[in-house]
Protein chains: 2
Amino acid sequence: MKINKFVMPEVIFGNGAIHQVGESCSRLGAKRVLIVSDKGVLHAGWLDIVLDSCQKAGLRTSVFFDLTTNPKDYEVAAGSRVYVENECDAVIGVGGGSAIDTAKAIAVLVTNGGSIHDFEGVDKIMEPLPPLVMISTTAGSGSEVSQFSVIVDSERKKKMTIVSKSLVPDIAIIDPHTLTTKSPQLTASTGLDVLTHAIEAYVSIAATPLTDVQAKNAIYLTANYLRPSVASTMNEEAKAQMAMASLQAGLAFSNAILGAVHAMSHAIGGRFPLFHGEVNAALLPYVMEFNFLAVPRKYKEIAELCGIATEGLTQVEAGEKAIEFVKKLSHDIGAPQRLSDMGWNGDMIEEMSQIALEDACMITNPRDITLQDVKNLFRRAL
Amino acid sequence: MKINKFVMPEVIFGNGAIHQVGESCSRLGAKRVLIVSDKGVLHAGWLDIVLDSCQKAGLRTSVFFDLTTNPKDYEVAAGSRVYVENECDAVIGVGGGSAIDTAKAIAVLVTNGGSIHDFEGVDKIMEPLPPLVMISTTAGSGSEVSQFSVIVDSERKKKMTIVSKSLVPDIAIIDPHTLTTKSPQLTASTGLDVLTHAIEAYVSIAATPLTDVQAKNAIYLTANYLRPSVASTMNEEAKAQMAMASLQAGLAFSNAILGAVHAMSHAIGGRFPLFHGEVNAALLPYVMEFNFLAVPRKYKEIAELCGIATEGLTQVEAGEKAIEFVKKLSHDIGAPQRLSDMGWNGDMIEEMSQIALEDACMITNPRDITLQDVKNLFRRAL
């Protein structure tokens with residue numbers, strides 16, 4: 001029997017939860033907070049609410065939003081300078097995975113010093129971080145609850161994965177109402193990212209009973225609520241259920257880690273300007289087909305969670321239906337189906353496959369995988 | 001939509017997990033720990049393992065085990081003096097609910113000062129507690145993950161419930177192997193306590209999707225593994241599953257609170273020397289019958305989690321079968337069925353009912369309840 005470990009932040013979940021950010025920071029002893037965000041969040045109006053809540057709680061605020069999709073090492077360094085110059089004592093991240101991963105990486109630098117490259121890998125963070133309050137506005141990345149931060153090494157053009165319990169925020173705030181400003185396209189790709197997190201965590205070789213309950217509920221919710229969430233910006237029930245799915249998938253993968261989809265997605269996402277959720281969505285069905293051999297019983301359970309009647313079906317038949325379900329879901333919500341549609345034509349596929357093979361997420365993939373396998377999977381998804 | 005809050009400690013779960021206690025304390029910065037335990041744990045040999053692990057981690061240790069079932073205010077005060085005299089900087093609790101509740105209450109006093117009575121109620125703890133590492137050896141109380149501590153006011157002869165996020169330990173260690181030294185009687189009563197936690201949390205008016213996944217899995221596991229766990233001290237799978245059920249039920253009730261069973265059990269447990277798990281077990285079926293009116297749909301789900309085929313049954317029929325299942329489970333594992341068998345003959349029933357009505361756990365009971373209702377329920381269980 002292996003030892004199961006599970007760690008998560010305090011969670012505040014619900015419509016209007018974003019208004020609790022100021023009080024949450026105060027409770028952690030903060031006086032001067034750095035808010036890390038992006039211009040999309042600013043334009044959607046959520047940053048104003050955060051600033052207002054901080055002001056009501058008597059906090060002094062500085063804002064940093066010079067960051068890009070797939071955030072870079074130099075952006076983290078710039079953010080940490082803003083923190084130091086303004087003598088901040090806590091960090092708020094508000095946005096999707098890019099903003100939150102950047103916020104967490106900035107927090108690493110301000111107490112540990114050095115460069116963010118020094119912390120690539122597992123358990124390299126030695127000094128405790130300042131109080132961290134993260135607000136997810138995308139129902140996708142799960143970074144608001146996870147022990148991960150993924151930052152691009154701009155010189156090597158490679159995504160660095162930083163893994164440490166220290167990166168689990170103190171408080172995660174998830175307000176489904178913030179999802180109403182997302183476009184259908186972003187809702188689709190982040191929703192498929194949620195499904196990818198849940199499925200990869202569920203079949204991971206590091207899965208435990210504690211991660212399974214979260215992963216399974218996330219699969220069930222995504223199977224039932226992603227379609228209506230894409231269909232209408234105003235369907236509050238669908239938004240709330242997808243926010244819960246994202247949270248639970250985040251709790252699952254933070255503790256069970258991921259698999260080949262993320263390893264491959266990190267590789268090409270570090271080199272080419274692609275959207276993480278879209279890349280995952282394109283790779284997921286092919287990796288599911290590849291991994292089926294390793295975990296047929298779990299695929300049957302995935303089929304059941306998707307509402308497929310599996311009585312009388314073999315594991316193989318049920319598994320095929322599960323994969324079919326994921327393909328059709330992705331198609332129905334208009335997600336880009338091919339990597340070539342997103343702007344990657346297979347350039348440097350040998351190098352990308354090698355990088356994917358060495359990614360930390362590949363370790364927990366349930367099926368053994370070779371360089372040739374990875375190349376084949378990339379080719380199928382092109 | 002209400003705001004859902006969820007908080008839990010870092011969890012280390014598995015056979016042999018107890019050996020990680022020393023390293024866990026070190027990681028939190030501890031140098032001199034107070035270990036709060038009881039003589040049963042000492043005689044079973046688990047305390048030696050804890051001391052050994054602390055020594056290997058270079059920690060200085062002091063031990064306090066002058067505590068009783070339903071721990072008292074003066075025991076907490078005595079423990080806090082031992083902490084101060086030995087200049088401790090962290091607290092380990094190892095044992096069942098009594099040891100862990102005492103350990104948490106000691107931690108409150110050593111940083112907040114005053115008397116433990118000052119902290120009765122919700123959110124009365126202002127100063128952060130020292131690092132807390134809790135090791136559950138009973139698969140029952142859930143205190144190792146909860147934001148509760150229940151201490152008897154020896155003068156008023158009344159259980160005080162202290163509720164605060166500060167009481168959530170930093171790290172909870174659950175080692176199913178420690179359950180192999182429990183008697184069948186203790187396994188039965190603590191197992192029914194787990195079922196009570198899970199059912200009361202599931203039907204609580206404060207239940208959320210985050211607590212429901214934990215509560216439901218705990219019900220499923222208890223329905224399937226409590227019988228074999230009582231039947232054999234050496235059934236490792238059953239022990240591990242009951243340890244997981246206890247953990248998940250603890251996570252559920254820590255965040256969704258409880259109901260009438262616990263309110264009534266606290267009342268008579270504060271006045272008479274009764275075992276908490278046994279009292280809960282005797283009250284559960286009657287409170288389930290009473291509460292059914294409020295949550296018929298949830299009772300049907302409880303029936304399904306217990307493996308009852310509910311297709312074609314009405315909610316009422318399924319609910320009756322769920323209650324029948326609980327009664328039969330309790331009977332089969334030899335749990336005491338009546339409060340009078342445990343040494344309470346209904347003495348002071350009027351006063352006990354009034355105290356139960358005012359208990360914090362009564363607030364989240366799903367059905368409105370009167371003094372007469374509580375008296376009737378006590379009488380039925382006598």
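The table for this structure:
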read-out	value
So A:Gly93, is it surrounded by 15 or more Cβ atoms within 10 Å (Cβ to Cβ), more than 14 Å from every other protein chain (Cβ to nearest Cβ) and within 30 Å of A:Leu210 (Cβ to Cβ)	yes
Options B:Leu186, B:Leu258, B:Leu179: the member that is of a type in the set (A, V, I, L, M), more than 14 Å from chain A (Cβ to nearest Cβ) and more than 19 Å from B:Ala360 (Cα to Cα)	B:Leu186
Test: residue in segment B:101-112 that is modelled with pLDDT under 95 and either part of a loop (DSSP other than H, G, I, E, B) or acidic (Asp, Glu) (or both)	no
Meets criteria (basic (Lys, Arg) and farther than 24 Å from B:Gly334 by Cβ) for B:Arg227	no
Failed condition for A:Ala215, given (1) within 14 Å of chain B (Cβ to nearest Cβ); (2) assigned to a helix (DSSP H, G or I); (3) surrounded by fewer than 24 Cβ atoms within 10 Å (Cβ to Cβ)	(3)
Members of segment A:28-58 that are in contact with a Gly (Cβ under 6 Å, 6 or more places away or on another chain), within 13 Å of A:Val91 (Cβ to Cβ) and not polar (S, T, N, Q)	A:Val36, A:Cys54
Residue that is surrounded by fewer than 23 Cβ atoms within 10 Å (Cβ to Cβ) and closer than 14 Å to A:Gly96 by Cβ, where the choices are A:Ser189, A:Ser183	A:Ser183
Subset of segment A:304-321 (residues that are closer than 12 Å to A:Tyr220 by Cα and of a type in the set (A, V, I, L, M))	A:Leu305, A:Ile308
Flag if A:Thr364 is in contact (Cβ under 8 Å) with a residue 24 or more places away in the chain and within 21 Å of A:Glu200 (Cβ to Cβ)	yes
Residue in segment A:36-66 that is surrounded by the fewest Cβ atoms within 10 Å (Cβ to Cβ), counting only those that are at pLDDT 95 or above and under 25 Å from A:His266 (Cβ atoms)	A:Phe64
Matching option when the condition is hydroxyl-bearing (Ser, Thr, Tyr) and in contact with a Lys or Arg (Cβ under 9 Å, 6 or more places away or on another chain), among A:Ser189, A:Ser164, A:Ser183, A:Ser204	A:Ser164
Leading residue by the ranking (nearest to the other protein chains (Cβ to nearest Cβ)) among those in segment A:1-33 that are over 27 Å from A:Gln214 (Cα atoms) and small (Gly, Ala, Ser)	A:Gly29
Residues located in segment A:151-171, provided they are more than 20 Å from B:Phe6 (Cα to Cα), in contact with a strand residue (DSSP E or B) (Cβ under 9 Å, 6 or more places away or on another chain) and not β-branched (Val, Ile, Thr)	A:Asp153, A:Ser154, A:Lys158, A:Lys159, A:Met160, A:Ser164
Restricting segment A:221-248 to residues that are out of contact with any Phe, Trp or Tyr (no Cβ under 9 Å at 6 or more places or on another chain) and facing chain B (nearest Cβ under 10 Å), the residue that is farthest from A:Glu301 (Cα to Cα)	A:Glu236
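To keep it simple, each residue is scored yes or no on (1) under 26 Å from B:Val7 (Cα atoms); (2) among the β-branched types (Val, Ile, Thr); (3) in contact with a Gly (Cβ under 6 Å, 6 or more places away or on another chain); (4) free of Cβ contacts under 8 Å to residues at least 24 places away in the same chain.
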position	(1), (2), (3), (4)
B:Phe64	no, no, yes, no
B:Asn70	yes, no, yes, no
B:Asp73	no, no, no, no
B:Ala77	no, no, no, no
B:Cys88	no, no, no, no
B:Gly93	yes, no, no, no
B:Ser98	yes, no, no, no
B:Leu132	yes, no, no, no
B:Ser149	yes, no, no, no
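The values are calculated or read from the model by the stated rules, or taken from the named source; none is laboratory data. Since the structure is predicted, the reported quantities are computational estimates derived from the model, not experimental observations. Backbone-built Cβ (ideal geometry, glycine too); neighbour counts: all protein chains shown.
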